[in-house]
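S.K.: Below: one structure in structure tokens.
What follows is calculated from the coordinates using simple rules that are stated; it is not laboratory data. Note that the structure is predicted; figures quoted are calculated from it, not measured. Cβ placement follows ideal geometry from the backbone for every residue including glycine, while neighbour counts extend to all protein chains displayed.
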Amino acid sequence: MVGISRAIRACAAASRRGLAAASSAALPKEAAAAGPRAAAAAATGRTGRDQEDGRRVQWVFLGCPGVGKGTYASRLSRLLDVPHIATGDLVRDALASPGPFSKQLAEIVNHGKLVSDEIIINLLSRRLEEGEEKGELGFILDGFPRTIRQAEILEGVTDIDLVINLKLREEALLAKCLGRRMCSQCGGNFNVASIDIEGENGGPRMYMPPLLPPPQCESKLITRPDDTEEVVKERLRLYHDLTEPVEEFYRARGKLLEFNLPGGIPESWPKLLQALNIDGPDNKRSAAA
Ligand SMILES: Nc1ncnc2c1ncn2[C@@H]1O[C@H](COP(=O)(O)OP(=O)(O)O)[C@@H](O)[C@H]1O
């Protein structure tokens, strides 16, 4: 883990100069041959708190806007005692600080576009650097990598153990983004959407109840400026064009664990833990939180 922040900057600079982004990002033959089963095996072996080299899990969450990456990544990070690093949050923090940089960022983010690799790598390296100083020993990344180039850079600087690809039916995604609310005081995330859709091909109905705020937050709810219908549709389009290929990047390396969300949190969380082979009384306690 030590030095990733420096390495990620160096690797990004090399890739800018047109060198192979990361020669070590070449496809390892064994992983490719092992296929998705290796990802499940990786999950099994990686949920122990500490690795041989003293580090903890280094996982990535992939999934469309609105799928719930933040929710599940933050629950898992508490359970596995590693930070949840969401590049969207890093961007929003940068947006909140006054000055020309935040104006430039707002132009991009509020139109649903991706910020440049340089900007995002700078923000991420800074966050990882702070973590290294504090002695953080692993991470769950959410929102990065979002392009093949970002995936190559990351693969070139550190070992990602597992990539969890969260999936939800397309018709639920827009409603989930439009229903997202945040408490401007405590920062809590909620969702006012109530999703109830027919089963596909005779499959079960999908019901996702709203995640309502407690009374003290009700009058302080805000909506993200990029959660309007037009902007969400653009973000979904970009996800399909630029981020979906990242799924294949990790699938080919035997690291991708696909997880179809069956419904809301109470239904999905225990099944996700099961898919990750995370079990035990401690985990059950956190799952109930
Ligand atoms: N890895 C990244 N590369 C480029 N832009 C990013 C990245 N991560 C976050 N962003 C910017 O921050 C915005 C919000 O990100 P995020 O909260 O992850 O959104 P979403 O809900 O769409 O997954 C994105 O629309 C994009 O402008």
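S.K.: Failed condition for Lys69, given (1) under 20 Å from Gln274 (Cα atoms); (2) crowded, with 23+ Cβ neighbours inside 10 Å; (3) of a type outside the set (Val, Ile, Thr); (4) out of contact with any strand residue (DSSP E or B) (no Cβ under 6 Å at 6 or more places or on another chain), with all others met?
M.R.: The failed condition is (4).
S.K.: Within the range 243-279, take every residue that is assigned to a helix (DSSP H, G or I) and basic (Lys, Arg) and give me the one that is nearest to the ligand (Cβ to nearest atom).
M.R.: Arg251
Per-residue answers, yes or no, for (1) more than 24 Å from the chain's Cα centre (by Cα); (2) among the hydroxyl-bearing types (Ser, Thr, Tyr); (3) within 16 Å of the ligand (Cβ to nearest atom):
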| residue | (1), (2), (3) |
| --- | --- |
| Gly187 | no, no, yes |
| Ile195 | no, no, no |
| Tyr207 | no, yes, no |
| Glu229 | no, no, yes |
| Glu234 | no, no, yes |
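S.K.: Of all helices (runs of 4 or more DSSP H) completely enclosed by the range 78-134, which ones contain at least 3 residues that are farther than 21 Å from Phe61 by Cβ and within 13 Å of the ligand (Cβ to nearest atom)?
M.R.: Once the helices (runs of 4 or more DSSP H) in the range 78-134 are filtered for at least 3 residues that are farther than 21 Å from Phe61 by Cβ and within 13 Å of the ligand (Cβ to nearest atom), what remains is 100-109.
S.K.: Six or more apart or on different chains, Cβ under 7 Å: which pairs go from a residue in the range 143-154 that's over 18 Å from Leu90 (Cα atoms) to one that's more than 6 Å from the ligand (Cβ to nearest atom) and of a type in the set (D, E, K, R)? Could you list them?
M.R.: Between residues of the range 143-154 that are over 18 Å from Leu90 (Cα atoms) and residues that are more than 6 Å from the ligand (Cβ to nearest atom) and of a type in the set (D, E, K, R), the close pairs are Arg149/Asp117.
S.K.: Here is a further query. Given the conditions (1) surrounded by fewer than 18 Cβ atoms within 10 Å (Cβ to Cβ); (2) in contact with a strand residue (DSSP E or B) (Cβ under 7 Å, 6 or more places away or on another chain), and given that Arg181 satisfies all but one, which numbered condition is not satisfied?
M.R.: (1)
S.K.: For the range 72-93, how many residues are within 20 Å of Leu174 (Cβ to Cβ) and surrounded by fewer than 20 Cβ atoms within 10 Å (Cβ to Cβ)?
M.R.: 1
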